[in-house]
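*Asks:* One structure follows; several queries about it will come next.
The values are calculated or read from the model by the stated rules, or taken from the named source; none is laboratory data. Computed from a predicted structure; not experimentally measured. Cβ: placed from backbone, ideal geometry, glycine included. Neighbour counts: every protein chain shown. Heads up: the accessible areas ignore ligands, DNA and RNA and are worked out on the full protein's heavy atoms, side chains in. Shrake-Rupley method; radii C 1.70, N 1.55, O 1.52, S 1.80 Å.
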Amino acid sequence: PHEYRQETLLEYASKYNLDTLIESGTHLGLMPEALQDEFNMIYSMELNIDYYLNAKEKFHFLDHVEIIKGESSEQLAILLKTIRRPALFWLDTHAYLEKGLAEFSIIKEIKSILSTRYNHVLLINDARLFTGLKGYPTLLDIRNNISSLRPDYHFEVNNDIIRAYADIPDKNMKSGN
């Protein structure tokens, strides 16, 4: 249920002292809406024009919620150039493969995120879908991609959420620094 996903995000945000949430796949804006009081900054990316416009309208009055239009792996690469501290990532675009995209964005998203110098925390929704069928990579592909970029990261799957995080929270890069 959505409430469990919210609790999971809040658990990792608390454990790693993260005050920035970056989401791929805004859809109806349920996650930013539910967590708007829990983070200092929320970025959410959406490729679908209707979902994007609805979310822009829904959050226009909140300065700390930014809705970004575009393909998530492309927008993440741009956004990450401005992020100066560890962040919590909720990757959830894979279920909404838009017409015209040749592949799922998840591998490119992971590469962009883990190529930075920060110990970001990645939570990836819908682990059950990563079977290698219908264009999805496998869980092993995801794990191997993460470990090739960041061998210090833990990888686990629990309650349909892939979780990737550093052994120890980055003590030198806390959210407020």
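*Asks:* Being in a loop (DSSP other than H, G, I, E, B) and closer than 17 Å to Lys108 by Cβ, is that true of even one residue in the stretch 28-45? Show your work before the answer.
*Replies:* We begin by selecting, within the stretch 28-45, every residue in a loop (DSSP other than H, G, I, E, B); these are 28-29, 36-40.
This time we only want the ones that are closer than 17 Å to Lys108 by Cβ, so: none.
No, there is no match, as no residue in the stretch 28-45 is in a loop (DSSP other than H, G, I, E, B) and closer than 17 Å to Lys108 by Cβ.
*Asks:* Here's a check for you: in the stretch 91-121, which residue that is closer than 22 Å to Asn40 by Cβ and out of contact with any helix residue (DSSP H, G or I) (no Cβ under 6 Å at 6 or more places or on another chain) is modelled with the lowest pLDDT?
*Replies:* The qualifying residue modelled with the lowest pLDDT is Asp92.
*Asks:* Just to be sure I understand the filter: pairs with C-beta atoms under 9 Å, separated by 6 or more residues or on different chains, first member in the stretch 136-163 and without any contact (Cβ under 8 Å) to a residue 24 or more places away in the chain and under 26 Å from Pro1 (Cα atoms), second member basic (Lys, Arg) and surrounded by 13 or more Cβ atoms within 10 Å (Cβ to Cβ). Which pairs pass?
*Replies:* His154/Arg163; Phe155/Arg143; Phe155/Arg163; Glu156/Arg163
*Asks:* Further question on the same structure: Checking Glu11 against (1) open to solvent by 20 Å² or more (accessible area, probe 1.4 Å); (2) assigned to a loop (DSSP other than H, G, I, E, B), which test does it fail?
*Replies:* (2)
*Asks:* Which numbered condition trips up His2, out of (1) over 20 Å from Tyr165 (Cβ atoms); (2) free of Cβ contacts under 8 Å to residues at least 12 places away in the same chain?
*Replies:* Tallying (1) over 20 Å from Tyr165 (Cβ atoms); (2) free of Cβ contacts under 8 Å to residues at least 12 places away in the same chain, His2 fails exactly one: (2).
*Asks:* Shifting gears a bit: Can you pull out every residue in the stretch 106-136 that is open to solvent by 60 Å² or more (accessible area, probe 1.4 Å) and farther than 17 Å from Leu149 by Cβ?
*Replies:* Listed by number, the residues that qualify are Arg128, Thr131, Leu133, Lys134.
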